[in-house]
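Here, each number is a calculation from the coordinates, and none is a lab measurement. In this text the structure is predicted, and so the values were computed from the model without any measurement. Methodologically, a virtual Cβ is constructed for each residue, glycine included, from the backbone with ideal geometry; neighbour enumeration extends over all protein chains shown.
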Amino acid sequence: MEKRVDINPRKAVMIGCGYVGSAAVFSLMESGLFSEIAMIDADMAKAEGEAMDISHGIPFVKHMKIYAGTYDDVKDAAIVIITAGANQKPDETRLDLVHKNVSIYKTIIPEITKRDFSGILLVVSNPVDILTYVTVKLSGLPENRVIGSGTVLDTARLKYEVAEQLHVDSRSVHAFIIGEHGDSEIAAWSSANVSGIEIEDFCEMRGHEDTEESTNEMAEKVKNSAYEIIKRKRATYYGVAVAIRRICEAIVRDEKSILPVSTIMHGEYGINDVALSMPVIVGKNGTETKVPISLDEDEKIDLKKSADILKGILKEISL
């Protein structure tokens, strides 16, 4: 029997060296979280080039090793991040990508599990909720060790929009996007606040007379922001790169941070057997427990609809 390799808590592996994967490794390089990052791609030359380019910034940050690797590098990694997959094209939804990327994951996940991987898998490729569920089922890993990046970026976009509209520091905005990372996502306004002040009261304080109209506009802007970016520059990668870094920070530092990551639901809000985003405590062992935020009846209904949309997609997939 092969001896289990001890985890190196400061080693990460990036699978997929496209725009998102490379931008994320660059952000992680600047963070100093890891002392070693292996980059894996179907195109080895691409992985080598990105690793070389990013490594040339190391003299300006903390010492570390960044290199093009192979699947053998996942053996002792604390976190394996998967960004590999087909790119989202203009006028293409995240769910349109499902069949392409499920096929890609069917080749990636077995390569990870056959190395006796005992770290945490962070799924980023879209549609992230579908692929998080697929990864749990294909890998056989405990659910707490498979995390989808979910709506961490969408939530950041919401905080940014609220801050811009209300002219406050975005770090003082406390709000979540929940549900699907995609068109059926929900802005959970009933639990949103600005430094403890309910969002409706703060909107009025800042001169927004029609709070419902203002919040609806902000939610729509967040939902459509990826499409707007893709229309202009063909891909989004900087925002999600920092979102990946944030999730990795919570894991590596065992922060017990509450982040809206994608995990499988088990009866919460009447939803079962589908992965979607809800606030979850994240630490060194991955996800710990879901945080039951307050939702009004409309938000609960919309969350159920979001889950049903994802379940409909899952029915079309053979695992």
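Using a Förster distance of 51 Å, how high is the FRET efficiency between residue 35 and residue 91, based on the Cβ-Cβ distance and rounded to 0.05? Working shown, then result.
Values: r = 42 Å, r/R0 = 0.83.
So, using R0 = 51 Å, E works out to roughly 0.75.
Placing pseudo-labels 7 Å out from each Cα toward the beta carbon at residue 319 and residue 70 gives an inter-label distance of 3.0 nm. Structure remark: mean-square fluctuation, Gaussian network model of the chain, C-alpha springs under 10 Å; the largest value among 33, 259, 121 belongs to 33.
Can you give the longest stretch of the chain with no exposed loop site, where a site means trypsin sites (Lys or Arg not before Pro) in a DSSP loop (not H, G, I, E or B) with at most 14 other C-beta atoms within 10 Å? Can you show the working numbers first?
Working: sites that count: 3, 4, 62, 114, 206, 234, 253, 256, 315.
The reported range is 115-205.
Kindly flag which residue pairs out of 46/75; 75/231; 46/114; 256/300 have an alpha-carbon separation exceeding 30 Å in this structure. The partial results should precede the final answer.
Numbers: 46/75 22 Å; 75/231 39 Å; 46/114 25 Å; 256/300 26 Å.
Distance filter (> 30 Å) returns 75/231.
Could you tell me which of the pairs 11/65; 223/305; 11/284; 62/284; 159/221 are separated by over 20 angstrom between their Cα atoms in the structure shown? Over 20 Å apart, Cα to Cα: 62/284. From its DSSP helices (H runs of at least four residues, each -39,500 (n - 2.57)), the chain gives a residue-normalised ellipticity at 222 nm of -13500 deg cm²/dmol. Among all the aspartates and glutamates, which ones have a C-alpha under 14 Å from residue 100's C-alpha, if same-chain residues fewer than 8 places away are not counted? The reachable aspartates and glutamates, counting only those whose Cα sits under 14 Å from residue 100, are 92, 316. Cα centroid separation, segment 236-292 to segment 147-178: 15 Å.
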